[in-house]
Amino acid sequence: MPRWGMVVDVKRCIACWSCAISCKEEHFLPPKVFWNRVLISERGKYPASRKVIYPVLCNHCSEASCVEACPTGATYQREDGIVLVDYDKCVGCRACLVACPYQQRTYYDQEKKDAEYFPGQGKTQFELLGEEIYPFQVGTVMKCNFCVERIDEGLEKGLAPGQDRDATPACVISCPVGARVFGDLDDPGSEVSQLIKVHSAKQLRPEFDTDPAVYYID
Amino acid sequence: MTYKREKIWEDVWVNTTCGACYCGCGIRVRRVNGVPVKIEGLPESTMGGTNSGVCGKGAAGIMYYHDPNRIKKPLKRTNPEKGIGVDPKWKEISWEEALDEISTRMKKIMEDDPNKILFTNQTMRASDGPHNHPYFYAKAFGIEDNGCFIIGGGSLHCGNAAHMLGGLIHGAWSVAPDWRYTKYVIKWGSSKGTGSGHSAMTNARLRADAVRRGIKEVVFDPMCNFAGGKATDWIPILPGTDSAVALAMCNHILNSMGVYDELYIKAKTNFPYLIREDGTFVRDPETENPLVYDLKNKKIKNFDDESIADEDFALDGEYEYNGEKVWPCFTRLGPNLKQYTAEWAEKISTVPAETIIRIAEEWVENAQIGSTITIEGKTFPYRPVATVTFRGSQGHYNGVHQVAAIDLLNQLVGSEDVPGGTMGWPAIRRKYPGGQYERLPRVGPDGVLIPAVFYSHDPWPPHEPKVPCKNAGCVDLWSHSTLSHVPYVKEREEIWEKLGMTARPEMVFGLAVNFIISQADWQAAVDLCKDCFVVQMDIWVNETDQAVGDIILPDVSWLEKDCWSSEIDAFFFSGSPSYEDWYVHMQKPVAEPIGESRFFMDVYLDVAHRVGVLDKYNELLNNYYGIEDEDLKIKPGEKLDWKEIGERIMRWVYGPDKEKVEEQGYATWHKPIEDVYWRWYMPSRCPVYMEFLIHDRRKIEKICQDTGLELDLSQHYPLASWYTPTSYQELNDEYDLLAFSYRDVLHTNNTTFQNPYIDEASARCPYTFTITINTDLAKKKGFKDGDVIWVENRYAAREKGIVKTMQGQNHLVVGIAGQGGLWADKRPIAKGKGSNFCKILPSYLRHYDPLTGNIETSVAVKVYKAE
């Protein structure tokens, strides 16, 4: 069984937000909800200051504090490491929002459901189609699912996640500078494992002891 | 957590071309149940990012289709009063009524002078084009040159000086590093490879690979954001002072280190050309060619005399020709540079002298002068250093000299269009195998390239300044202007009168332009157009339409467009600068047009027919594509729509593969390596010594004498030199900061502000919607993050915005991204977001580059808290 993970090379990243916007399209996310974000800040003093860019998403941690915090079992981890939310089991207590040290979870309420991309002008065909073919449930928590649908359907078709476009997360394939690589962390020969080894890629905030599946080259 | 597959009755991908900026990346759009839902890049194509990559604003493109604010029927102003803040009181009219009124007015104006019609477009519509057809179109109406072409939405983002020298040096519109082979890149006010500029994602993809290879990237920029933020070495600089630093570097390289690529200078520049005391070339009386001295035969010969070996061109010494003392013009370079010391440049630019020296020496060290590289069996000079510039450094009063000084670094080490060096791209467009239509540059007078295609006023052969000027842009006088900004000059009435320009604009026929808010002083643009009949084709009613528009015609977005020509003609700024195959993409409709919207090319054809110039336009098309097959030529009297015209031209361009190309939505074919690194295969020379400026100066001096016009002619000097930008001159104790603008990776001019996806992302970027200011400076001024401040120029124009402090910004500047501060009622997402930089740019003639008519894009300002 693989353990799916990702390497983000922030040296390549130009902060164009393609990952975030492609993710929104892939999952028909409502206004102001992001499963992928780009954190932008700076470090150091003028003139030696440097811009700091971190594209972030759910880390699909091995020791996921959200899974531990969930009282109903709605948030669970598959054998391949992907952390998912079962909307039917989620009661919206939001313990996971508090527990996630990376702030990667969003509570989907009526206000978010009613929100329009063009406020006050009604929902577009795009939004209405999304509600029909990729519905969310009000009162539950949502987050990045590593494009599990692409992975599962891709595997069914005999495709290889991380290598074949249709089996790879949307944020990875849409990155115009190839800053994201997806693959099996447990396979020492996979591109992700090699990148982690060669570039000493790091997990964000390792002191949380959650063992994220997303690594960064910086 | 899964798709309801049972509810999906259609799920297809359509290959097309992105239209979110002018780069024209190959994309595919997913349509589910008839609804465009997702955009990805095309992994098969080199036009764009890595594999299926597409940038954020490209990915966000579906929202242009879904925007309920799209115009659905032609609109007509019913309120005769015009201006900012005046309700146009639109009423919907029929296409027939709209086109009848437009063509009737046009016919009437044409009886008088067609130059009174301003044909214009917006550069974001390049790939959403065909971008270049407004130029042919204007020609069909009897307008020569493009002096009527007042650049619209691109405006201050456009690069007269960069394009002029791109054309003269590279036969190309733009320059980029040869990412694949370079080791050391210096960027000046350019974000090539970090999200902006031509072929943005192609360059970003190539740069990302180069970064992993370990290249060094030095960025001179007022702020540490897009280019600076990704640099290995960000060096803060003041806007408009890049040439001071570049000249000091050249001085150190040539005069202190004594280094230059002698063979390159002798073989590929005009530096061996002999000049007399007054700086003009000594010419052969019969051929009119410049003369050179052959060291081997000790004779003066024509520069193109094939008996001279490359190494035998004299670069120094004094000679005699017909009793007159003459010298190779290279002898003037060293003495001219001597005045530009690193210490002098530090005082002007804020860049420490030791940094200037260090970068100069690193540049030489990495250039590997004399080395060669063999690629695919072909051996080329290898110069793995590239220095590129674009809008930031060239958009100044001293723009041409800024670009020329930066280019001189390439010239000294021979890094022009060779592996690892600075590439103009592509100067060449080879024909598709089995097809026709080829565009090759020619070697013109004095050995200088004549570009294969240039969108506008050709840079070579040089046009002689003359009067009377026949149209509003006055390119007859500003003969090096690529896209004239003169119509926006405050003193335009006086200029027009003195230059005998009688074609005062009476009508504007624009494609999605927004020149009121995107040029400079808003009122200067309103004054230009308020008495004109302004017709626009766009997908929304923008600020310009609301202020001065008379008829607004609903255009289709690129998601609804069936356009065979999207990139055929834009090849020279949408392709890959690297050794990658040619790709030409089409635009295929993903969805039906919104409302009654029509593709502007079909509207163009309809109007041309009504006005009676369709045959002429069709003839121009036949000639442009060089159609020789009589069956494919458009015949007199034929009235074809754009798709029908495409049936003919596609057959000519792609031959038997026409259907295959149409089906896949793009064409691809091999680019020979000699077409990438063409420099040493083409007997051309770079006009680094800009002798033509001496002649221009003489002619313009006479014109000024005759007309009473006062013009600053100090920059009509043949060697790259330092000239203080107007903005810099206007600094004083009260107006103590320089405001500048920059391109945000999320935005293309102002259109992207109306995209809700981009709007959401922008709101999460600390700098996009704010006014940036150095943290220490802010403290001194008493500002903190979130404060609302005014930025005001000395002419009382001011703009309000929210403070965001940052360490990574020069301590004497304030930065504003792009073209925010919008107010059109029909673009509610955009309304009120960010700040508008353009409105604080003064528009007096002294703020324009006297060589190209390019506007100064930084401004001396004071900043203070809003009450």
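What follows draws every value from the coordinates through simple rules; no lab data is involved. Model, not experiment: these values are computed from the prediction. Note: ideal-geometry Cβ built from the backbone for every residue, glycine included; neighbour counts use all protein chains shown.
Numbers below:
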| read-out | value |
| --- | --- |
| Ellipticity estimate at 222 nm from DSSP helix runs (n ≥ 4, -39,500 (n - 2.57)) divided over chain B, nearest 500 | -7500 deg cm²/dmol |
| Distance-filtered residues of region B:156-178 - backbone nitrogen under 20 Å, label point 7 angstrom along B:GLU464 Cα→Cβ | none |
| Farthest positive-ward along chain B dipole, Cα basis, beta-carbon charges - from B:ASN774, B:CYS532, B:ASN203 | B:ASN774 |
| Between helix B:353-367 and chain B: long-axis angle, C-alpha atoms, 0 to 90°, nearest 10 | 90 |
| Against the rule of thumb 2.2 N^0.38 Å, how large the Cα Rg of region A:4-213 comes out | 1.05 |
| Cα-based helix-to-principal-axis angle, B:242-251 vs chain B, degrees rounded to 10 | 20 |
| Rounded to 5, percent antiparallel among DSSP beta bridges of region B:726-865 | 65 |
| Packing-based exposure ordering (other Cβ within 10 Å, fewest first) of B:ASP531, B:ASP446, B:ASP305 | B:ASP531, B:ASP305, B:ASP446 |
| Proximal lysines to B:LYS466, defined as alpha-carbon separation beneath 18 angstrom and excluding residues fewer than eight positions away on the same chain | B:LYS498, B:LYS699, B:LYS702 |
| Spherically averaged projected area of region B:582-679 from its Cα convex hull (nm²) | 8.7 |
| Spatially proximal lysines relative to A:LYS202 (Cα-Cα < 21 Å; intrachain offsets below 8 disregarded) | A:LYS11, A:LYS51, B:LYS230 |
| Sites A:MET1 and A:TYR54, calculated FRET efficiency, Cβ-Cβ separation with R0 25 Å, nearest 0.05 | 0.30 |
| Residue-count net charge about B:ASP446 - beta-carbon cut-off 12 Å; Lys, Arg +1, Asp, Glu -1 | -2 |
| Between region B:224-303 and region A:141-218, the alpha-carbon center distance in angstrom | 50 |
| Sorted by Cβ neighbour density within 10 Å, fewest at the top, the residues A:THR72, B:THR241 | A:THR72, B:THR241 |
| Over region B:726-865, equivalent-ellipsoid semi-axes from the Cα gyration tensor in Å | 24, 20, 13 |
| Share, in percent, of DSSP beta bridges within chain B that are antiparallel, nearest 5 | 60 |
| Average beta-carbon neighbours from other chains, 10 Å sphere, peptide A:174-187 | 5 |
| Extension gain, B:ALA866 back to B:ARG5 (0.36 nm per residue minus Cα-Cα distance, nm) | 304.5 nm |
| Tilt relative to chain B, helix B:614-624 - C-alpha long axis, 0 to 90 degrees, to 10 | 40 |
| Inter-chain Cβ neighbour average for residues B:63-69, partner chain, 10 Å | 4 |
| Footprinting exposure proxy for B:THR852, B:THR748, B:THR805, B:THR78 (fewest neighbouring C-beta atoms within 10 Å first) | B:THR78, B:THR805, B:THR852, B:THR748 |
| Stokes-Einstein D (µm²/s) once Rh is taken as the Kirkwood radius of region B:381-429 over alpha-carbon pairs, at 10 °C in 1.306 mPa s | 139 |
| Debye log10 I(q)/I(0) at q = 0.17 Å⁻¹ for region B:744-823, Cα point scatterers | -0.70 |
| Separation of alpha-carbon centers, region B:393-438 and region B:1-68, rounded to whole Å | 32 |
| Cα pair distances in chain B, grouped into 10 Å bins until the bin that holds the longest one, percent each | 2, 13, 23, 27, 21, 10, 3, 0, 0, 0 |
| Residue of A:TYR134, A:TYR108, A:TYR87 that the Gaussian network model of chain A assigns the largest fluctuation, springs spanning Cα pairs under 10 Å | A:TYR134 |
| Equivalent ellipsoid semi-axes, region B:272-328, via Cα gyration tensor eigenvalues times 5, rooted, Å | 16, 13, 9 |
| Globularity ratio of region B:246-360, using Cα Rg and 2.2 N^0.38 Å | 1.25 |
| Across B:LYS4/B:LYS588; B:LYS72/B:LYS561; B:LYS73/B:LYS139; B:LYS139/B:LYS588, pairs whose alpha-carbon gap is larger than 20 Å | B:LYS4/B:LYS588; B:LYS73/B:LYS139; B:LYS139/B:LYS588 |
| Full-stretch length increase - B:LEU713, B:ARG764 - with 0.36 nm per residue and alpha-carbon distance subtracted | 13.7 nm |
| Positive-end residue, region B:268-384 charge dipole about Cα centroid, Cβ charges, pick of B:TYR321, B:LEU337, B:ASN302 | B:LEU337 |
| Taking only Cα atoms of the protein assembly as shown, radius of gyration then Dmax in Å | 28.9, 101 |
| Over chain A: helical MRE at 222 nm, DSSP H runs n ≥ 4 each giving -39500 (n - 2.57), nearest 500 | -6000 deg cm²/dmol |
| Partner lysines for B:LYS338 [C-alpha distance under 22 Å; skip if fewer than 8 residues away on the same chain] | B:LYS266, B:LYS347 |
| Lys, Arg +1 and Asp, Glu -1 on Cβ, resulting dipole of region B:726-865 about Cα centre, debye, nearest 20 | 340 |
| Total charge dipole magnitude, chain B, about the Cα centre, Cβ charges on Lys, Arg, Asp, Glu only, Debye to nearest 20 | 2180 |
| Inter-part distance where region B:304-332 and region B:503-521 are each reduced to a Cα centre, Å | 49 |
| Orientation-averaged projected area, Cα convex hull of region B:473-553 (nm²) | 5.3 |
| Mean shadow area of region B:346-465, taken as a quarter of the surface of its Cα convex hull (nm²) | 11.0 |
